[in-house]
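Just so it is clear, none of the values below were taken in a lab; they were calculated from the coordinates. Given the structure is predicted, the values throughout are model-derived calculations rather than measurements. Backbone-built Cβ (ideal geometry, glycine too); neighbour counts: all protein chains shown.
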Amino acid sequence: MIRFAAAAIILTVLMGSCVLAQDATPKVEVFGGYSLLRSDRGGLTGPLLDADLNQPSNPFAVPTYFLHGWSAEAQYNLSRWLGIAADFGGRYGSPISASGGRTLAGLPKETSYSVMVGPVISYRTKSRLTPFAHALVGWNRTSLDASTITGVSAPISVAATSYDDFVAALGAGVDCKITRRFAVRLGQVDWYHTSVNLGRFYTNAFGGDLLEGLKNTQVNYRVSAGAVVKF
């Protein structure tokens with residue numbers, strides 16, 4: 001009888017410990033914050049754009065450009081270490097700028113939206129810091145707004161165009177616990193692969209058979225930071 005009582009007590013303690021361990025891991029985590037994407041030009045340069053658009057005064061520059069935007073993520077934790085995440089993002093900027101201090105109006109604006117899903121591995125300890133890594137795949141849409149570029153030798157019409165493609169993100173980050181329900185994502189860095197056919201994309205925007213030698217895949221880098229709410 002004593003052995004049975006002792007076994008029952010031990011079993012109760014172990015079950016209680018498991019419940020506490022499960023309670024320490026939130027079932028759902030929701031992240032939202034700022035995102036910066038370093039975008040791959042894919043071989044597009046100012047001189048190439050000048051030549052293809054017949055601009056002898058060389059008005060265009062295509063620097064390594066950055067798209068600013070937002071990132072949001074919903075993560076469901078299957079266990080203490082493994083979860084599934086749905087990632088959403090939007091980024092905004094311009095791939096083309098004026099060269100040599102020139103003033104150009106009507107430069108097209110670029111927008112990019114993505115939806116991705118994939119597994120997340122989190123290293124949860126008693127520390128306030130929770131490192132994680134994820135592998136995400138999904139859909140991306142890149143668009144240029146319609147506009148008319150002025151300040152060049154002759155106005156250039158840009159047609160609204162968009163391109164849907166495959167996207168993948170491999171990355172890692174660190175969350176810092178503030179309270180039981182709230183954390184701060186100190187930083188997240190992703191290798192961000194897209195497969196936009198840039199030759200077709202810019203040809204659709206500017207017309208004709210221009211810019212056909214550009215890349216069909218791009219290697220970009222995304223940095224994100226913000227707040228995490230746990231449920």
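So here's what we get for this one:
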item: Whole-number percent relative contact order across the chain, with pairs defined as alpha carbons under 8 Å at least 6 apart; result: 20
item: Linear extension gain, residue 189 paired with residue 115, 0.36 nm per residue minus alpha-carbon span; result: 24.9 nm
item: Only Lys, Arg (+1) and Asp, Glu (-1) charged, at Cβ; the range 35-143 dipole about Cα centre in debye; result: 560
item: Distance from the range 161-210 to the range 103-129 (C-alpha centre basis), Å; result: 6
item: Where chymotrypsin sites (Phe, Trp or Tyr not before Pro) fall in DSSP loop in the range 96-182, at most 13 other Cβ within 10 Å; result: 123
item: Long-range HN-HN contacts of residue 120 with modeled amide H, under 5 Å; result: 83, 84, 85
item: Integer Hz, Karplus 6.51/-1.76/1.60 couplings in order for the range 101-111, x for Gly and Pro; result: x, 5, 10, 10, 10, x, 4, x, 9, 9, 10
item: Computed log₁₀ I(q)/I(0) - Debye formula, equal Cα scatterers, no solvent, the range 26-230, q 0.08, 0.10, 0.19 Å⁻¹; result: -0.34, -0.49, -1.22
item: Extension reserve of the residue 164-residue 179 stretch, reckoned as 0.36 nm per residue once the Cα distance is removed; result: 1.4 nm
